[in-house]
Each structure stands twice: as C-alpha cells, then as structure tokens.
Amino acid sequence: MKTKQLVLLSLIVIISACQKQEITEPEKLNASKLGLGATPLSLKGELINKETPFPKRAYHTSLNFDKSIWIIGGLAADVEGYENDVWRSENGKEWKLVNPDANFNGRMAHASTVHDKKMWVIGGKNGAAGQLSPNNEVWHSKDGKHWEFATKNAPFSARSAHTLTAFKGRMWLIGGEGKESSDIKKDIWVSGDGANWVLANSNPPFGKRKGHTTLVHDNKLWVIGGISYSGVSSGFSNDVWYSSDGINWNLATPDAGFKSRLGHTAVSYNKGMYVMAGHAGFANFLNDAWRSTDGINWKKVSITNEFKTRANHTSIVYDNRIWTISGFPVISYPIKNGVYTEGFHSDVWAFQ
C-alpha cells in the first residue's frame, strides 16, 4: 500500500569529526586513450516533455531497458505519497503506465540497475512524517509489470540513498543511510543473482557515503560526491574515486572543482563522465553540468539556462542522448495538511 503522507528527506547535515583513513594513491590514467579534450564542452538541451502524465516526483529511479526509458517509484507531489508505480516510454514524450501498483511497497531513495536481463529495485524508505523506515528488500522484473522477490531480507542493513550499479557481471551496492540521517553506511556489497550477497569491502577509503553517484566508465567503477565522512572530506563532498574490481579503490581527486554536492546524477556518455545538477547546501540547488574523461580534470559544460535547478532527479543514457527526469529545485515547505509539494518538477530533458 502507498503511504498517504508526503515528507522530504532531511537535508540538514550533521557534520562530526571522523578518523583519518589511509588513502590509496591513484594509478596513472591514460588521458589520450580516454579522449581528453576531444569533445566540445557544451550540451544541446531539448525539453521533450514539460508536464509528464506521471505525477511530479523526486527520489525515483530511471533505467534504460528493453528499448525504453523506465521510471520506478519515488516521492510524488499532490498524490498519495510514496509511489510504487512503473512507467515506460520509447521517446520521452508519450508514456505508458505499465503497473500502477507494483508488488513492492511505495518507496523513495531506493536504487535500481539493469542486470541479467532484468530490472532491479533495492532498498529505499517510506513511512509517515518522522517515522521513515528503510528496507533491505531485493526485487526484480523482466517486464516492469510482474515483480518478484530475490530476497526479503538481504544480509546488508536496511538503507536508502545508496547506489546500485551493474559492473563486470555483478551488482554492486555502495553506502547509503539507515533509519537515522546520521547513520551513514560505508560498506560495499556484491551479488550475481540478487539473492546471495557478499561483503566486498567493509571499510573502503572513501569512508561513509550517502547521496553520492556511482557509474561505470572506462571499465572502472566510479564514486562521485555525496555526503561523506572520510580522511578526504566531511559533509558535502566533490571527491572522485575509482576501482577496477569494486574492492580496491583509488582517489582520482579530492576536489573535482565543481561545488560539493549530493542528489546529483552522473553518466558515462561520449567518452566522458558527466555530473549534472544536485544540492550544495540549504536552499542551494544547482543546474550545472561538468565533464571529465579521466576523473581528475573536470570542465564545466555549457547547457541551456532553461534547464532549472534540481536535485534527486534521474539521468540515464538512452538513444545516444543524456535524459534527465524530474527532481525538485527547492527545499519545499508544507502548503496544506502537512503535504510537501512546492517546486517538484515534472519534465523530461534530452541532452547531446
């Protein structure tokens, strides 16, 4: 059942002291191999859909699967709260409601990926105001309509604001937060089938992390930004880490040059990594884009000013373009009956 009351995740960060951790020196990355400087630093943006048929939302997930763009769950405005609906589109303009009420409970800040010809949904949280509860459920679907459990209780602790990435034939789950916003995770778990999970690294050098992004680029797994507590940064961060095996990690840069942030997105596109938008502090939402081929050197990318500030949106690569969907541009305040709705986006953008 969907939760009836909306509430946003707390964006007030409690910054505390943390112990220094040993930082692995980065290996040398071949910039020429990665095509550094080969692409103009601009993206042409096109507003594909100003008002989508699905409710305005944030903290949802999006996937490129079966020749379509997919939207799964999230925190929706002006409706019943935490969603468990599933939508698909082949062009970003016309959308089909595949399942209005999937088997899993409505949720926000969950994580999704495509693996083994299936879509996966793991974790997330829902509940009434002040009583948000995360979970450690693992779900999968071959068609978006029929969803099955891989496990109702994975060995990792219940969490939200984590990442899930398909990398070298397995799924990698990194970080997140528990029931309390101060309970930030730093573990890395891996699975090939979604039912059996192995702790790959209990203490990676990037430390505790939530609201970060993870992507695959140049046959490496990357972690960028978020809220972190490590020997490199505390609080909002803009550090960049990478791994060739998901277990051993190297620091590409402690300061990528863009504003420290969480709730941003990152994709691998046209021989580069792109970081888009996010939240850089109270009432400081962003609409910028940055590009790097090696994770060390980052350059700002010019995009249209019509692309509004936002965080907790989604970005995927589909049909040779970067697609960015929904999110919210401000810390919203209650307007009626304790429901937070102000400022949610319901748009679809394509960049190339």
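Output the number of residues of region 163-218 satisfying the condition of being part of a loop (DSSP other than H, G, I, E, B) and either surrounded by fewer than 23 Cβ atoms within 10 Å (Cβ to Cβ) or under 19 Å from the mean Cα position of the chain (by Cα) (or both). Let's see the steps before the verdict.
Looking only at region 163-218, we keep the residues that are part of a loop (DSSP other than H, G, I, E, B), and these are 168-169, 178-183, 192-197, 202-207, 211-212, 218.
Now drop any that are not either surrounded by fewer than 23 Cβ atoms within 10 Å (Cβ to Cβ) or under 19 Å from the mean Cα position of the chain (by Cα) (or both), which leaves 168-169, 178-183, 192-197, 202-203, 205-207, 211-212, 218.
Number satisfying all stated conditions: 22.
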Exercise. Tally the residues that are on the phi < 0 side of the Ramachandran plot, crowded, with 18+ Cβ neighbours inside 10 Å and either not in a loop (DSSP other than H, G, I, E, B) or not charged (D, E, K, R) (or both), restricting the search to region 56-74.
Key: 12
Quiz item: Are any residues in region 110-149 closer than 22 Å to L199 by Cα, touching a residue at least 40 places away in the same chain (Cβ under 8 Å) and in a loop (DSSP other than H, G, I, E, B), and if so, which ones?
Solution: H110, D116, G123, G124
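Considering Y242, Y269, which residue is aromatic (F, W, Y) and closer than 27 Å to K50 by Cβ?
On the way: Y242 fails: closer than 27 Å to K50 by Cβ.
The conditions single out Y269.
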Quiz item: How many residues does region 150-162 contain that are assigned to a strand (DSSP E or B) and surrounded by 24 or more Cβ atoms within 10 Å (Cβ to Cβ)?
Solution: 2
Quiz prompt | Residue in region 240-252 that is surrounded by the most Cβ atoms within 10 Å (Cβ to Cβ), counting only those that are under 17 Å from T163 (Cα atoms) and touching a Phe, Trp or Tyr at 6+ places or on another chain (Cβ under 8 Å) | solution = W241
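Can you name the strands (runs of 3 or more DSSP E) wholly within region 288-349 that have at least 1 residues being farther than 16 Å from W70 by Cα and modelled with pLDDT under 95? Quick ask: steps written out before the conclusion?
Values: elements: 299-301, 314-318, 321-325, 334-336.
Filter on region 288-349 gives 334-336.
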Quiz item: When residues of region 253-265 are filtered for being under 25 Å from N219 (Cβ atoms), surrounded by 24 or more Cβ atoms within 10 Å (Cβ to Cβ) and not polar (S, T, N, Q), how many remain?
Solution: 1
Quiz item: Among the residues of region 263-273, which ones are in contact (Cβ under 8 Å) with a residue 60 or more places away in the chain and either touching a Phe, Trp or Tyr at 6+ places or on another chain (Cβ under 8 Å) or of a type in the set (K, R) (or both)?
Solution: K271
Practice problem: Write out, first by first residue and then by second, each pair whose Cβ atoms fall under 7 Å of each other, whose residues are 6+ apart or on separate chains, and whose first residue, in region 203-223, is farther than 19 Å from R159 by Cβ and free of Cβ contacts under 8 Å to residues at least 60 places away in the same chain while the second is in a loop (DSSP other than H, G, I, E, B) and not basic (K, R). | Solution: K220/S244
Quiz prompt | Whichever residue in region 75-95 is in a strand (DSSP E or B) and in contact with a Pro (Cβ under 9 Å, 6 or more places away or on another chain) and, among such residues, is modelled with the lowest pLDDT | solution = A76
Quiz prompt | Close pairs from region 35-46: first part of a loop (DSSP other than H, G, I, E, B), partner of a type in the set (S, T, Y) and at pLDDT 50 or above, Cβ under 7 Å, at least 6 apart | solution = G35/T293; L36/T293; L41/S302
Self-check item: Hits in region 223-239 (condition: crowded, with 22+ Cβ neighbours inside 10 Å and assigned to a strand (DSSP E or B))
Solution: V223, I224, G225, G226, I227, S228, Y229, S237, N238, D239
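The values are calculated or read from the model by the stated rules, or taken from the named source; none is laboratory data. Note that the structure is predicted; figures quoted are calculated from it, not measured. Cβ coordinates were reconstructed from backbone atoms using ideal geometry, including for glycine residues, and neighbour counts include every protein chain displayed.
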